[in-house]
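Data first, discussion second: the structure below is written as structure tokens.
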Amino acid sequence: MNEELDNEEVVVEDVPETSEEETAEEVVVNTSQDNEEDIDKLVEERANKLFEEKVEDRLIRDRAKRDRDYQKKLSKYMKLENIMKAGLGVDSLDDAINKSSEFYSEQGINIPEENFYSERDERILAKADAKEIIELGKDEMEAEANRIQSIPESKRTIREKIMFDTIHNELESIEATEELKSKGYDTSILDDKAFKDFRNQFNANTSISKIYDMYNKLNGNVVERPKSPGSAKSTTQVKQIKDYYSPEDFDKLTPEDLNNPEIMKVVDKSRLQWYKER
């Protein structure tokens, strides 16, 4: 059988050669595909650009319409302003508004206040207004605080309430600093968080110097005060220990009393009652 294989002719099929024309044709086909993709991309970009231009034209038309509507509405207000000023014999719109408000209020007509700002805007503006007044000094702050305070609280606007609180707090800080300075006390304690928490336990009528003395005594920091002429007299009388010490009693304790463990034990118990009585 091997002989038969040997005698058989092995036929090798010729592989057709690729001609230059066929190769060039393939290149042309590939190039055409690339061109189609580029064209599609250009068409898409052009479509997007046209859409953006259309949107921009629409926005321009909308803005123009809003401007026309605003000018039309503004012209009505200006006409009404001229009528009011001429009829009331005033030169400014503010005077016309005030006179009109007074007139209708006397007739028993309640005119609601129109608020053009959100509550957030009112708070921001109130802080800005208060800051400007604070920068003008203590006299201006007191004048503005008194003005707002003269308005019934139920009729104060959000802006007035925030302005009053901001200015009032700043005035309290100034007055506290001045009072401590007048007694030669360290004013930096006003920024101490522990002292602030202690101070908040007292009502607004309690003087800052009294709170300062109590705070330092309770923390073992005895504050020496100038002695009065009568205090130079010595006494051998033993002070009786009370069952309860009020804030006023505590303020009168001497350095010797503060070093007495029995007295301080009663004072510590009395403090709980102070806070309950606030």
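Applying the condition of being small (Gly, Ala, Ser) and farther than 28 Å from SER209 by Cα to the range 142-174 and asking which residue is surrounded by the fewest Cβ atoms within 10 Å (Cβ to Cβ) yields SER154.
Filtering the range 167-212 to residues that are part of a helix (DSSP H, G or I) and either of a type in the set (S, T, N, Q) or touching a strand residue (DSSP E or B) at 6+ places or on another chain (Cβ under 8 Å) (or both) leaves ASN169, SER173, THR177, SER182, THR187, SER188, SER209.
Since every read-out is calculated from the coordinates, none of them should be taken as a lab result. Source: prediction; values computed, not measured. So basically every Cβ, Gly included, is an ideal-geometry build from the backbone, and we count neighbours across all protein chains shown.
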